[in-house]
Amino acid sequence: MNVYLDHGATSFPKAPGVVQKMTHYLNNIGCNINRGAYGSSFEAENIVYETREFLCELFHFQKSENVVFTKNITESLNVLLKGCLKEKDHVIVSSMEHNAVMRPLHEMKVEYTKVPCNYLGEINPKDIKKYIKPNTKAVVMLHASNVCGTILPLEEVGKICKENKLLFIIDTAQTAGFLDIDYEKLGADAIAFTGHKGLLGPQGIGGFLISDDMANKVNSLIQGGTGSLSEYEEQPIYMPDKFEAGTMNIPGIYGLHAALEYILVQRLEYIQKKELELLGRFIEGIGNMPYVQIIGKKDLKNRTSILSIDVKDLDQGEIAYDLYKEFGIMTRCGLHCAPSAHQILKTFPKGTIRFSFGHKNTIKEVDYVIESLHKCIKKSHI
């Protein structure tokens, strides 16, 4: 049996219709958008527009022209951070952040403060107020940890940002397609997303949703042809052209279009319920397993379907490899591009084995993984 439990890295299999829609574009359309006045170009433009509209529906966002496509959420966060921050600005982040946030901040020499999380990955939003300085410009925060799955209380964080006139930028890499994310309720200025994880689309397509006010404050990272205002050598300032220079990943957008159609029909409530049922079964099965420590929360409240474990006295990489080699179980081990989170969770530098479930996994697979993990650990301790 082969069991894929690395959905936190990328979803597999993709949503029904993704491959077919991408193949349709490549075999039958093939052209660019905003450049041609002919039928196939118009069809492609309609799909791109509909995909923006689907994303508006998913995120409860009002302006489809303010939905910007990039190649992934890392690029989205780089555009947002490098476009609005400068050296000596101060930013507040959580201590669970991914390197997609931390590395741009380091490169830009932006001052930042990490709001401490506890050993469960939880944050107290009120702590943010203690770290606000005169030069604080933004709060940048992930919606849920990619290491332990804990969901942060971003609605409360958003209120604090509004009260203190701070920009609020949200990383939804691990929550889009799992949680019902409401742009307005969260008080966001920009929400970054990726298409290939919970949104069940292909790699190579992501983006962000941005308010008019913030869009005016963010400089474009890349300039070039857009098919609009071609008589001028300056980059257009209207949306979304300001941030979409060059040829877009149209096959990826076609795939994301199909994935979003599937999610909107299936509904997030079903996907979330199914994934948490699988995770609950897994937690029950490994809760008392010798040498296994669950990292972070041990219940299903305020979390995603990601769970990390530390296998005591053993190398995490060896156990993860044995799970794959002997039993066909695909997980991820290591630091998951989030060293600060591991320091908080007391798993640095050893890292963890991460199991991340998708709604197409089954109870039978979960039971098989529990049994296989037990066999791997028992074998390693003989």
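The values are calculated or read from the model by the stated rules, or taken from the named source; none is laboratory data. All figures in this text were calculated on a predicted structure; none of them were measured in a lab. Cβ coordinates were reconstructed from backbone atoms using ideal geometry, including for glycine residues, and neighbour counts include every protein chain displayed.
Go over the candidates GLU111, GLU53, GLU43 one by one and state the one that is surrounded by fewer than 18 Cβ atoms within 10 Å (Cβ to Cβ), touching a strand residue (DSSP E or B) at 6+ places or on another chain (Cβ under 7 Å), without any contact (Cβ under 8 Å) to a residue 40 or more places away in the chain and not hydrophobic (A, V, I, L, M, F, W, C).
GLU111
Among the listed residues LYS197, LYS242, identify the single one that is in contact with a Ser or Thr (Cβ under 6 Å, 6 or more places away or on another chain) and more than 30 Å from GLU156 (Cβ to Cβ).
Just one listed residue meets the conditions, LYS242.
Conditions (1) in contact (Cβ under 8 Å) with a residue 12 or more places away in the chain; (2) surrounded by 23 or more Cβ atoms within 10 Å (Cβ to Cβ), marked per residue:
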site	(1), (2)
VAL157	yes, yes
ASN164	yes, no
ILE169	yes, yes
GLY198	yes, yes
PRO202	yes, yes
ILE205	yes, yes
PHE208	yes, yes
GLY225	yes, no
SER230	no, no
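Which residue, of ASN27, ASN78, ASN34, is touching a Ser or Thr at 6+ places or on another chain (Cβ under 9 Å), part of a helix (DSSP H, G or I) and not small (Gly, Ala, Ser)?
ASN78
When you go through ASN78, ASN66, ASN124 one by one, which is the residue that is at pLDDT 95 or above and farther than 17 Å from PHE208 by Cα?
ASN124
Can you tell which of TYR368, TYR324 is touching a residue at least 40 places away in the same chain (Cβ under 8 Å), in contact with a strand residue (DSSP E or B) (Cβ under 8 Å, 6 or more places away or on another chain) and among the hydroxyl-bearing types (Ser, Thr, Tyr)?
TYR368
Please work out which one of (1) within 16 Å of CYS148 (Cβ to Cβ); (2) small (Gly, Ala, Ser); (3) surrounded by fewer than 16 Cβ atoms within 10 Å (Cβ to Cβ) is the condition GLY351 fails and give its number.
(3)
Kindly indicate the residue of the stretch 127-178 that is of a type in the set (Val, Ile, Thr) and in a helix (DSSP H, G or I) and also nearest to LYS298 (Cα to Cα) among those meeting that condition.
That would be VAL157.
Across the stretch 276-293, what is the total count of residues that are within 19 Å of SER145 (Cα to Cα), touching a helix residue (DSSP H, G or I) at 6+ places or on another chain (Cβ under 7 Å) and aliphatic (A, V, I, L, M)?
Counting residues in the stretch 276-293 that are within 19 Å of SER145 (Cα to Cα), touching a helix residue (DSSP H, G or I) at 6+ places or on another chain (Cβ under 7 Å) and aliphatic (A, V, I, L, M) gives 1.
Checking the condition in a helix (DSSP H, G or I), within 24 Å of the chain's Cα centre (by Cα) and of a type in the set (A, V, I, L, M, F, W, C), which residue from LEU221, LEU264 passes?
Just a single option satisfies the conditions, and that option is LEU264.
Which of (1) part of a helix (DSSP H, G or I); (2) at pLDDT below 95; (3) closer than 30 Å to MET330 by Cα is the odd one out, the single condition PHE42 does not satisfy?
(3)
Go through the stretch 267-295 and give me each residue that's part of a loop (DSSP other than H, G, I, E, B) and either crowded, with 18+ Cβ neighbours inside 10 Å or of a type in the set (A, V, I, L, M, F, W, C) (or both).
MET289
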